[in-house]
Amino acid sequence: MDQNTRNDLLQLFREKLNSAMTYYLETCTRCGICTEACHVYASMGQVKHISAYRHEIVRRIYKKYFKARGKVWPSVGEAKELNETALEELYESAYSCTGCRRCMVYCPFGIDTQMIMSIAKLLLIGAHSEPEILTLLADTSIEKGKSLDLFKESFMEGVKKLEKDVVKKWKMEAGETAIPMDVVGADLLFVALAGAHSIIPTAAVFNAAGEHWTLSFFEAVNFGAFVGDPTRTQLILDRILNEAKRLKVKEVCICECGTAFRVMKQLAADQPFKVSSITEVHARYIKSGRIKLDPSKLNGPVTYHDPCQIARNGGVFDEPRYILKHLTNDFREMSPEPKYNWCCGGGGGLVALGEDTLDFRMKSARVKADQIKTTGVTTLVTACENCHTQLNNLNDHYQLGVNVKFLTSMVADALMQ
Amino acid sequence: MNEEIKVDKTLDLKGLPCPMPILKTSRGIKEVEIGQVIEVLSTDPGSLADFPSWTRSSGNELLKTDQSGEVTKFYIKRLV
Ligand code: SF4
Ligand code: SF4
């Protein structure tokens, strides 16, 4: 690595050093409490996957370039040069961490490994060594924001074709639109994943609740956040913020996508609208009697997998359980305390990398598979697209024999007309 | 229907949700030569927004979109 590149990367590092980050980098006492907390280490037993080891790789670079002792006398502070080998180590650490933050719940100092890994990811992006497929997907999303006029008509036409399936789940009066789009003054903007499976059931529930809603032109998922690029993350988010402001909605509701929800909640705090997850909205409809569910649709024991970004990192624990109480009388908790739930092993962009990460995803989530098996359920419910894909893969790989379902689809299928 | 477009490879991505059509297409297009054309079949409505944006951001050319049936067909010329 030449000196100019190193200087550029160190500048990126410096930009990340706010007070929280400095605290995280200076505080770890190596007490080891977080060791068993990471599902990757607990499943595979390799030291390089221990949470504290992951941040030590970043910390050594910090010591060398940003701490007085490291600069003068590198060997004492275990300072480490930023070079090609360091980049390889950073890659291994950062893209095998799902950002689930389970380790943070255990750490007595609340050290946020996911945040420290964001330095690693930023340096890798600066060195053009990130998984390029994630950047490609992020750039496609950004381009979409710039060229709405190019696809607006054809997308609306494509969405129109889904309306007959929405009406099958919830009948409507003649003249009503099953999937409204581009409605100025709507109360709620729903940001889906662009697939039919994400739009159809949710549309039926909105219509059943008599919601004044409109479907976003953009997909919720934020590939910029997966790759760890703050600039791309913001540009992808801006598409939705601008649409919400243009339509003057009061609420932006994010579909079953954990990362999209966390990013929107954290980065859109000062907006003139409220941000909700679809799970919170559905719980609200049930509470206020706007929808009624038929509990006889579901047979056998049921458990719920809390998506890390919605529960531990997004604060939504009670609502999915409240909804499930209306769908089954045999609900079983997976973990005695939901905040300690194991990650599914698919976050941080690993699922989006598809087949390339399948082997690692299966090996590193063995503890998750064991946890599911112990519940003895036949239905495994979740509220995140990434988790759903990963849990399905685990179901096949470990022959768990469960039916993996989206909470939203279950609500839509149990609607009482 | 497409007498004017000569297709060199077809990718059948029916039933795959977002982002799979884009992921598979960005890999699949590498299997034809620059200047050749792939036909992509998709049932995901998101593809109608994704493909025009992906071809622009990746530097390839979307020659035509045919959404007359249940399955949408995209004709993409590899330029890079
Ligand atoms: S629990 Fe916290 S302080 Fe202890 S080793 Fe892990 S990160 Fe460091
Ligand atoms: S955030 Fe999750 S995956 Fe990353 S080190 Fe902590 S426990 Fe492991």
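Odds and ends about this structure:
- Condition check for A:Asn313: within 16 Å of ligand 2 (Cβ to nearest atom), polar (S, T, N, Q) and not assigned by TED's automatic domain parsing to the domain that holds A:Phe226: yes
- Condition met for A:Gln271 (assigned to a loop (DSSP other than H, G, I, E, B), in the same structural domain as A:Gly185 (by TED's automatic domain parsing) and modelled with pLDDT under 95): yes
- Residue tally, condition touching a residue at least 60 places away in the same chain (Cβ under 8 Å), part of a helix (DSSP H, G or I) and within 13 Å of A:Ala208 (Cβ to Cβ), over segment A:274-301: 3
- On inspection, A:Tyr41 does not qualify as within 15 Å of ligand 1 (Cβ to nearest atom), within 19 Å of A:Pro230 (Cβ to Cβ) and either surrounded by 22 or more Cβ atoms within 10 Å (Cβ to Cβ) or acidic (Asp, Glu) (or both).
- For segment A:127-145, filtering for residues that are more than 9 Å from every other protein chain (Cβ to nearest Cβ), crowded, with 20+ Cβ neighbours inside 10 Å and of a type in the set (D, E, K, R) leaves 1.
- Count of segment A:347-374 residues which are of a type outside the set (D, E, K, R), in contact with a Leu (Cβ under 8 Å, 6 or more places away or on another chain) and buried (at least 18 other Cβ atoms within 10 Å of the Cβ): 8
- Scope segment A:25-45; condition within 22 Å of A:Lys67 (Cβ to Cβ) and within 13 Å of ligand 2 (Cβ to nearest atom); matching residues: A:Cys28
- Exactly one residue among B:Glu33, B:Glu70, B:Glu4 is away from chain A (no Cβ under 11 Å), loosely packed, with under 15 Cβ neighbours inside 10 Å and either among the aromatic types (Phe, Trp, Tyr) or touching a residue at least 24 places away in the same chain (Cβ under 8 Å) (or both), and that residue is B:Glu33.
- Being away from ligand 2 (no atom under 14 Å from the Cβ), surrounded by fewer than 23 Cβ atoms within 10 Å (Cβ to Cβ) and over 24 Å from A:Ser93 (Cβ atoms) holds for only one residue in A:Thr378, A:Thr382, A:Thr389, and it is A:Thr378.
- Selection from segment A:39-60 of residues that are small (Gly, Ala, Ser) and within 21 Å of the chain's Cα centre (by Cα): A:Ser51
- Subset of segment A:332-342 [outside any helix (DSSP H, G or I) and buried (at least 17 other Cβ atoms within 10 Å of the Cβ)]: A:Met334, A:Asn341, A:Trp342
- Filter pass, A:Lys160 being within 14 Å of chain B (Cβ to nearest Cβ) and of a type outside the set (Val, Ile, Thr): yes
The values are calculated or read from the model by the stated rules, or taken from the named source; none is laboratory data. Keep in mind the model is a prediction, meaning the values are calculated, not measured. All Cβ positions, glycine included, derive from the backbone under ideal geometry; neighbour counts span all protein chains shown.
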